[in-house]
1. Any idea how many residues of segment 73-112 are β-branched (Val, Ile, Thr) and either more than 17 Å from Ile145 (Cβ to Cβ) or surrounded by 15 or more Cβ atoms within 10 Å (Cβ to Cβ) (or both)?
2. Across segment 1-35, which residue is surrounded by the fewest Cβ atoms within 10 Å (Cβ to Cβ) among those that are farther than 27 Å from His124 by Cβ and hydrophobic (A, V, I, L, M, F, W, C)?
3. Just one of Phe52, Phe98, Phe19 is over 21 Å from Ser142 (Cβ atoms), at pLDDT 95 or above, under 24 Å from the mean Cα position of the chain (by Cα) and of a type outside the set (A, V, I, L, M); which is it?
4. In the set Leu29, Leu41, which member is over 16 Å from Pro135 (Cα atoms) and at pLDDT 95 or above?
5. Report, by residue number, each residue of segment 1-26 that is among the acidic types (Asp, Glu) and over 23 Å from Ala133 (Cα atoms).
6. Look through segment 34-71, keep the residues that are in contact (Cβ under 8 Å) with a residue 12 or more places away in the chain and in a loop (DSSP other than H, G, I, E, B), and return whichever of them is farthest from Ser20 (Cα to Cα).
7. Would you be able to tell me the number of residues in segment 126-149 that are touching a Ser or Thr at 6+ places or on another chain (Cβ under 8 Å) and either of a type in the set (Gly, Ala, Ser) or at pLDDT below 95 (or both)?
8. Tell me which of these Trp43 doesn't satisfy, since it passes every other one: (1) under 21 Å from the mean Cα position of the chain (by Cα); (2) within 23 Å of His124 (Cα to Cα); (3) not hydroxyl-bearing (Ser, Thr, Tyr).
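The values are calculated or read from the model by the stated rules, or taken from the named source; none is laboratory data. If you're wondering where the values come from, they're calculated on a predicted model, not measured in any experiment. Note: ideal-geometry Cβ built from the backbone for every residue, glycine included; neighbour counts use all protein chains shown.
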Amino acid sequence: MKVIHWIDEHFEEVFLIFFSVIMVVAIALQVFMRHVMNSSLSWSEELARYCFIWLVYIGISYGVKKQRHIKVDVMLLLLKDKGKIILNIISNVIFLSFAIFVVVYGYDISRQLLGWGQTSPALHIPMGFVYLATPVGMALTSIRIIQQMIKQFKALLGKEEFQVKTEKEAILENKEIQDQMDSAKNKMD
């Protein structure tokens, strides 16, 4: 049970860090090769690009999990607690519909590309794997939306507390976290 909970809490984070590290290393290596060795790598930019694509789609899921997506929250400011939850449920249903649509058609496109055997120019990896970032990321997003909706329905029934954050509240929370990190850094110095 602890393993499942850990995976639920950190799944996207592990892959976001993994793809970020690969991307930064590939770009740094390319810069080193160009400016120090006066040579160029044929594959580093392609690898960084494909890592970035995967990073973006997994990042969507992470944003949903943390409720950090940019949204217009004028209506949320006008509504009370249950109204906010209902509006969020409606927006999540629309988002979930879109995510499922993208999963279905994204998977179809990747499957076709894998069937055709198209590969990337420098790395020679199947392009279907690159295109799988879209359905995989949106499938993860669908799971996170469903998790959010379950929490919202429980809150609507009064069984669990669920806070709907406006953009301003999210920004203030991020500022508080940044201030705490700065304070910890100053203590270490």
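1. Residues of segment 73-112 that are β-branched (Val, Ile, Thr), as a first pass: 74, 85-86, 89-90, 93-94, 100, 102-104, 109.
From the residues that got through so far, the ones that are either more than 17 Å from Ile145 (Cβ to Cβ) or surrounded by 15 or more Cβ atoms within 10 Å (Cβ to Cβ) (or both) too are 74, 85, 89, 100, 102-103, 109.
Matching residues across segment 73-112 total 7.
2. Going through the qualifying residues, I end up with Met1.
3. On the way: Phe98 fails: over 21 Å from Ser142 (Cβ atoms); Phe19 fails: over 21 Å from Ser142 (Cβ atoms).
Within the list Phe52, Phe98, Phe19, the selection yields Phe52.
4. Values: Leu41 fails: at pLDDT 95 or above.
Matching residue, one of Leu29, Leu41: Leu29.
5. Applying the first criterion (among the acidic types (Asp, Glu)) to segment 1-26 yields 8-9, 12-13.
Hits for segment 1-26: nothing passes.
6. Here is the first cut: in segment 34-71, the residues in contact (Cβ under 8 Å) with a residue 12 or more places away in the chain are 41-48, 50-62, 64-65, 67-68, 70-71.
In the following step, the residues that additionally are in a loop (DSSP other than H, G, I, E, B) were identified as 41-43, 67-68, 70-71.
Numbers: Leu41: 19, Ser42: 20, Trp43: 17, Gln67: 21, Arg68: 19, Ile70: 22, Lys71: 25 Å.
The extreme case among them is Lys71.
7. Qualifying residue count, segment 126-149: 2.
8. So Trp43 meets the others, but not (1).
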